[in-house]
1. Can you spot a residue in region 84-95 that is within 20 Å of the chain's Cα centre (by Cα), at pLDDT below 90 and among the hydroxyl-bearing types (Ser, Thr, Tyr)?
2. Take the residues in region 32-78 that are of a type in the set (Ser, Thr, Tyr), surrounded by 12 or more Cβ atoms within 10 Å (Cβ to Cβ) and farther than 21 Å from LEU7 by Cα; name whichever of them is modelled with the highest pLDDT.
3. Counting only residues that are part of a helix (DSSP H, G or I), without any contact (Cβ under 8 Å) to a residue 40 or more places away in the chain and among the β-branched types (Val, Ile, Thr), which one in region 28-80 is nearest to GLY11 (Cα to Cα)?
4. Just checking, how many residues over region 12-31 are more than 25 Å from LEU65 (Cβ to Cβ) and surrounded by 15 or more Cβ atoms within 10 Å (Cβ to Cβ)?
5. Could you list, in sequence order, all residues of region 1-40 that are in contact with a helix residue (DSSP H, G or I) (Cβ under 8 Å, 6 or more places away or on another chain) and charged (D, E, K, R)?
Amino acid sequence: MRDYKKLLEAGNAAQLEKLKVNSHKQGWDNIPFEDSFNGLVDEVKELREAFENKPTTETYRDGLLAIRNEVADVANYAHMIIYRCNSFLDEEKKW
């Protein structure tokens, strides 16, 4: 059976860690959709690089942490886009 709670807890923990590391950056409330999408694409590229740098025995933990961090960045950008969509849907306005 799928454990949605454990899945979301793991993902949310990683995402929150990354958001706190980047707390000096601007908020996501008013980021244009194009900027959010471009950020998502950039993070996917960084995730691909993290996967291509396959962890070795010496770097196994660091490699997994790098992948985890990049996935959290991807998820955060995806959630920013969802957040903006919801705000437009709630207000019934156009972007």
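1. yes
2. The qualifying residue modelled with the highest pLDDT is SER36.
3. It comes out as VAL74.
4. 1
5. GLU17, LYS18, ASP29
The values are calculated or read from the model by the stated rules, or taken from the named source; none is laboratory data. In this text, all values refer to a predicted model and were calculated from it rather than measured experimentally. We place every Cβ from the backbone using ideal geometry, glycine too, and count neighbours over all the protein chains shown.
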